[in-house]
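Encoded as structure tokens, the structure appears first; notes follow it.
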Amino acid sequence: MEFNTFVVEDRPGEQWITLRGKFGENETIKIEATMFDGSVVVPKSGDDSTAEDVRLHISLLVDISKGEECDLEFVCSSWPDHIEIQKVYIFRRDGSLKWPYMGPNFWDLDKKLQSALLDFLKARGVNNDLSVFLHEFMTNKDRTELIRWLAKTMSFVLE
């Protein structure tokens, strides 16, 4: 399955999916996304100001590699209509740094740097459209995994 420039790798029986893509001549992009792992309650828009909606959350790890020994990794939150960056850090693929410096919270960075990093991701297809896709995909995956779990559980109990 594909979404825009990414190949989507579903992992049946797991709570993660992986998306892989390329950017330019030498960049590879790997995105790992959880199934829904949290939610927030927000006021419902419209006439009923006392009603509330639940917005589901998906965690993303976005790794961008240029073929060198280090990758740039973004820890992101995917909401139904947008993506937020939480952290940005560089890590060595050889694992030589056991506890790499994780950098400051994204929201503590200078606004221009925040904007530049968001634009960097958007240029590579990590954008609001991806967030919408992930929420639709995970809704279907959640149903599929539930059916798989029910079948396995029932089979185990009935044996």
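Bear in mind that the values in this text are calculations on the coordinates, not laboratory data. Because the structure is a prediction, the values reported are computed rather than measured. Counting neighbours? That spans all protein chains shown, and the Cβs are built from the backbone with ideal geometry, glycine included.
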Rg/Rg_ref, segment 68-159, where Rg_ref = 2.2 N^0.38 Å and atoms are Cα: 1.54
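Among I147, I64, I90, I83, what is the fewest-to-most ranking by other Cβ atoms within 10 Å? Before the final figure, lay out the partial values.
On the way: I147 10, I64 19, I90 13, I83 23.
Ascending number of Cβ neighbours within 10 Å: I147, I90, I64, I83.
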Quick one: Cα convex hull volume of the chain, Å³ per residue? 182 Å³
Excluding residues fewer than 8 places away in the same chain, name every one of the aspartates and glutamates whose C-alpha is closer than 13 Å to that of K44. E52, D53
Surpassing 19 Å at the alpha-carbon level, of the pairs K30/K111; K22/K122; K87/K122; K30/K152; K66/K111, are K30/K111; K30/K152; K66/K111
Set Lys and Arg Cβ to +1 and Asp and Glu Cβ to -1, take the dipole of segment 2-158 about its Cα centre, and tell me which of V157, A123, I31 lies farthest positive. V157
Residue order, fewest to most beta carbons within 10 Å, for H57, H82: H82, H57
